[in-house]
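Novice: A single structure is presented below for examination.
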Amino acid sequence: GNADPMALTVAVSASLAVERVGMPEAQIILSNAASYVACAPKSNSAVNAINAAMKAVKTQTLMPVPPHLQDRHYSGAAALGRGLDYKYAHDFEGNFAEQEFMPAGLEGRRFYEPGNNPKEAEIARRIASLWKGKY
């Protein structure tokens, strides 16, 4: 999880290496990957976020995608108000634009809550910095 994002990279790399190296040598690769993942700090924050978002979808009245996020790449889209006022993150300092992306009824809703570990504390600081403490 986000407590050690490299664990997934290690696991996927080991999988690819096992395919290329083959057994019996691949058992060393598998042992390295297994011990890394087993010792990595754990977090279920991403799973909790997915579960909370899925619950919101099941229990909330579904609302349309906010107009500024709707496709504007066809004739007549602007007349319907689609894609207007979208803030392209790369045009802003730090490649971040403060803008609401949730549909009506979920404005300001936060699904991901960083866990209590050093890596997610870093993520929490980044979120707070970007949103100036609003998130």
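Novice: Among the residues of the range 106-124, is any part of a loop (DSSP other than H, G, I, E, B), open to solvent by less than 50 Å² (accessible area, probe 1.4 Å) and modelled with pLDDT under 90?
Specialist: yes
Novice: Moving on to the next point. State yes or no: is residue 46 without any contact (Cβ under 8 Å) to a residue 40 or more places away in the chain and open to solvent by less than 80 Å² (accessible area, probe 1.4 Å)?
Specialist: no
Novice: Restricting attention to the range 60-87, report how many residues are part of a helix (DSSP H, G or I), open to solvent by less than 90 Å² (accessible area, probe 1.4 Å) and aliphatic (A, V, I, L, M).
Specialist: 2
Novice: Please enumerate the residues belonging to the range 88-105 that are open to solvent by less than 50 Å² (accessible area, probe 1.4 Å) and free of Cβ contacts under 8 Å to residues at least 24 places away in the same chain.
Specialist: Those that are open to solvent by less than 50 Å² (accessible area, probe 1.4 Å) and free of Cβ contacts under 8 Å to residues at least 24 places away in the same chain: 89, 97.
Novice: While we're here: Scan (1) open to solvent by 70 Å² or more (accessible area, probe 1.4 Å); (2) closer than 15 Å to residue 114 by Cα for the single condition residue 20 breaks and write down its number.
Specialist: (2)
The values are calculated or read from the model by the stated rules, or taken from the named source; none is laboratory data. The model shown is predicted, which means the values in this text are computed figures rather than measured ones. Every residue, glycine among them, receives a Cβ derived from its backbone with ideal geometry; neighbour counts consider all protein chains shown. The protein model used for the area step is the full one, side chains on, heavy atoms only, and it has no ligands, DNA or RNA in it. Shrake-Rupley method; radii C 1.70, N 1.55, O 1.52, S 1.80 Å.
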